[in-house]
1. Give the calculated FRET efficiency between SER45 and ARG13 to the nearest 0.05, with a Förster radius of 35 Å applied to their Cβ-Cβ distance.
2. Just the number, please: carbon plus sulfur as a percent of the accessible area of the chain, 1.4 Å probe, no ligands or DNA/RNA counted.
3. Helix 251-283 versus the longest principal axis of the chain: what is the Cα-based angle in degrees, 0 to 90, to the nearest 10?
4. Rank these by accessible area, largest first, 1.4 Å probe: ILE361, ILE172.
5. Which of the pairs LYS151/LYS214; LYS155/LYS306; LYS289/LYS347; LYS287/LYS347; LYS147/LYS324 have their Cα atoms more than 31 Å apart in this structure?
6. Skip the ligands, DNA and RNA, and give the accessible area per residue of segment 1-152 with a 1.4 Å probe, whole Å².
7. Under the Kirkwood approximation for Rh and a Cα-based Rg, what ratio Rg/Rh is obtained for segment 266-397?
8. Give, as a single signed number, the net charge of other residues whose beta carbon lies under 11 Å from the beta carbon of GLU74, with Lys and Arg counted +1 and Asp and Glu -1.
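The values are calculated or read from the model by the stated rules, or taken from the named source; none is laboratory data. It should be emphasised that the depicted structure is a prediction, and the values quoted were computed from it without experimental measurement. Every residue, glycine among them, receives a Cβ derived from its backbone with ideal geometry; neighbour counts consider all protein chains shown. When the accessible area is computed, the model is the full protein with side chains, heavy atoms only, and any ligands, DNA or RNA have been set aside. Shrake-Rupley method; radii C 1.70, N 1.55, O 1.52, S 1.80 Å.
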Amino acid sequence: MTDTKNTAGTNWRPATALVHGGTTRSPFGETSEAMFLTQGFVYDSAEAAEARFNGEDPGFVYSRYANPTVAMFEDRIKMLEGAEAARATASGMAAVNLALMASVKAGDHVVAAKALFGSCRYICETLLPRFGVESTLVDGTDIEQWKAAVKPNTKALFLESPTNPTLEVIDIAAVAEIAKSVGARLIVDNVFATPMYQSPLSLGADVVIYSATKHIDGQGRCLGGVVLSDEEWITEEVMPFVKHTGPHMSPFSAWVLLKGLETLPLRVAQQTNSAGQIADFLAGQSKVKRLIYPGRDDHPQAEIAKRQMRGGSTMVALEIEGGKEAAFRFVNALDLIRISNNLGDAKSLITHPATTTHQSIGEEARAELGITDGILRLSVGLEDPQDLLEDVEKALAAI
Ligand SMILES: *Cc1c(COP(=O)(O)O)cnc(C)c1O
């Protein structure tokens, strides 16, 4: 399996890397990447098997360790992110868990931003302490809180930006400096920004993770995740964890997500453009109490967003005047935009976080995060923006 032409593209711009990056071809010379649905590999001789196992021959051994289709996905996203190495996982949560587990041991300490995806918060608040890893949650937008929380045994700092669902923007470079000061690793969950609009490694972060389930698939088909970082840590800490505990991505999912990467820039650009139009429309509506969009000048952290992001977002957060009742009336009156907790999809999807994704964290935690009963999170899809605007306008009138 060789394709010398396609391994040369280190200077490719993102859109090119996303079409050609990482491609290896079988002796058939297929145009589209092959899906290697195989558990294992055969060797021509006992000596060849020995060489594979002792690392003299770098070929594949078993798909829990590595697989050709998964490797193509890893190489492609690695080029886009500008990372030395990547490991793909079965889901975004497997990637989060992997990045944290590969960073800490009993007696260590983790600092995380409070505004985390629900399951990420569970790992930090509930799971890690069970194994003797202490965690502190801070208001991610307040740099002083990060500074005050780190200790000599802090090994990982963890944040999302923009956050879910209120789209707060956290100053990644400032948090990276704090991480460096104590020798901790900064892990950034970059799902909401997408790799197109934010490159945490270039801002000083040590690890970037994605739920590939979201924009990378972008068409609602399969779950996946990826951890990107430096070669040394991936080889020495991440790879053994994957190899021996099995959170790897399936070759089928890798193939779907690999094809998803090809169209990622086009989809994200179109979805962001439509999201910007919808945000501008909603901002002028009397029934909308609050509109949060990282691409607008009235965003609470607009200046940081401009500095660290190359585009707005495919996501819009809005607070409907009149609490849960009014928010439900609005959501139920939408025809085109569907009710779902997913995001980054070709189909526009809306969520009422207080009663769904953020129901389990409780009222107090929601209040702390600004997740009121009127807050809605809209993931803008690939429909004609005019149709989306008409749907939103009609639903607002129905409140
Ligand atoms: C969806 C999501 C995850 C979890 O990803 P899965 O693929 O669903 O496991 C983690 N972080 C963020 C920000 C997400 O949106």
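1. Numbers: r = 44 Å, r/R0 = 1.25.
Step by step, r from the Cβ atoms, then E = 0.20.
2. On the way: 8830 of 17020 Å².
Within the chain, the accessible surface is 52 percent carbon and sulfur.
3. Once rounded, one gets 20 degrees.
4. Details: ILE361 45, ILE172 0 Å².
Largest accessible area first, the residues go ILE361, ILE172.
5. Numbers: LYS151/LYS214 34 Å; LYS155/LYS306 29 Å; LYS289/LYS347 25 Å; LYS287/LYS347 25 Å; LYS147/LYS324 36 Å.
Correct reply: LYS151/LYS214; LYS147/LYS324.
6. Values: 7690 Å² over 152 residues.
Per residue, segment 1-152 has 51 Å² of solvent-accessible surface.
7. Numbers: Rg = 14.0 Å, Rh = 14.9 Å.
Taking Rg over the Kirkwood Rh, I get 0.94.
8. Details: positive: ARG76, LYS78, ARG87; negative: ASP75, GLU81.
Overall, the nearby charge balance is +1.
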